[in-house]
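Shown next, in structure tokens, is the structure this report addresses.
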Amino acid sequence: QSPNPDFMDILCISDYGDSLLVGTEKALLCISKQTGRHRVVDPRRTSSILTEEDGSFWFSSNGLYRSTPNRNYSSQVLSRSNINHISRDNQGRLWLASTRRGIDIYDPKDSSSFFLDLSDVWPEGERPMAMEMSPNSGMMFVTSSSGLNVIDPRSLSVKYINKSGGFPLNLPNSNALDISSDGIVLVGGVDGLVSFDENALWAEGK
């Protein structure tokens, strides 16, 4: 618990050794698992966190930021508005879901980035939400405003499935996406939860 109401509107949580990184509407916090004491890592709204093995981590706000241990500041890496989710593909690139009609892809190895424009695939008003790379197929699954997208990180080809194409949810939730190591996909939405075996997509040629 916190006496500061600004710290109670939680958007994301990430395990961080002996602590938890907690993103709220007003700040990014680091909270001790043992004592519950917290400190402010960065005074920005934080909606997604992605940790690295060296103790550094990425977080999203009005842009993409990186925080390094033993530093007193966070470095802005990309200036983008309202990044809602961060994921990593099997090439080590970061996929960023924002308010844009597509996905920003950033490569930390050489600091290059490009925009995957999905305006020709998505209906008007569609925006990316949650993203998760399948450990089974290596495909990137992306929920958007009214559907599910399966994107090949190598070719960047996209399969978009919505209600009319057999995807049963009308409105997937922003972070309700998980994929098991054997390819079971779980997606939550305002009208329920759906699970399916992603191998069926390839077997049926859908």
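The values are calculated or read from the model by the stated rules, or taken from the named source; none is laboratory data. Fair warning: this is a prediction, and the values are worked out from it, not measured in the lab. Note: ideal-geometry Cβ built from the backbone for every residue, glycine included; neighbour counts use all protein chains shown. Areas reflect the complete protein model, heavy atoms only, side chains present, ligands, DNA and RNA absent. Shrake-Rupley method; radii C 1.70, N 1.55, O 1.52, S 1.80 Å.
A compact table of results
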| read-out | value |
| --- | --- |
| Accessible area of Ser155 in the full protein assembly, 1.4 Å probe (Å², nearest 10) | 70 |
| Pairwise FRET efficiency - Val77 versus Ile10, Cβ, R0 = 22 Å, nearest 0.05 | 0.40 |
| Where region 57-140 is the region considered: accessible area per residue in Å², 1.4 Å probe | 45 |
| Overall Cα dimensions of region 99-156, principal axis frame, Å, largest first | 33, 27, 18 |
| Kirkwood Rh in Å, taken over region 156-206 so that all alpha-carbon pairs contribute | 11.8 |
| Scattering profile of region 55-175 at q = 0.12, 0.13, 0.15 Å⁻¹ [log10 I(q)/I(0), Debye over alpha-carbon scatterers] | -0.44, -0.51, -0.67 |
| Under 14 Å, Cβ to Cβ, from Pro123 - net charge with Lys/Arg +1 and Asp/Glu -1 | 0 |
| Tail fraction, Cα-Cα pairs, region 125-174, threshold 19 Å, whole percent | 22 |
| Solvent-accessible area, 1.4 Å probe, carbon plus sulfur percent, for the chain | 47 |
| The chain: calculated mean residue ellipticity at 222 nm from DSSP helix runs of at least 4, using -39500 (n - 2.57) | -500 deg cm²/dmol |
| Computed FRET value (nearest 0.05) for Ser137 with Glu53, which takes r as the C-beta separation and R₀ as 35 Å | 0.90 |
| Calculated P(r) tail over 14 Å for region 37-102, as whole % of Cα pairs | 58 |
| Value of Rg/Rh across region 113-206 [Cα atoms, Kirkwood radius] | 0.93 |
| GNM flexibility winner over the chain from Asp104, Asp54, Asp15 (Cα, springs under 10 Å) | Asp54 |
| Qualifying chymotrypsin sites (Phe, Trp or Tyr not before Pro) in region 56-154, DSSP loop, other Cβ atoms within 10 Å at most 15 | Tyr73 |
| Spatial separation of Cα centroids for region 152-192 and region 47-102, in angstrom | 22 |
| Test item: Cα-centred dipole of the chain, Lys/Arg +1 and Asp/Glu -1 on Cβ, debye | 600 |
| Ratio Rg/Rh, restricted to the chain and using Cα atoms, in which Rh is the Kirkwood radius | 0.98 |
| Sequence-separation-based contact order of the chain, relative, with Cα cut under 8 Å and 6+ spacing, percent | 9 |
| Gaussian network model of the chain, springs between alpha carbon atoms under 10 Å - residue of Glu124, Glu25, Glu132 with greatest fluctuation | Glu124 |
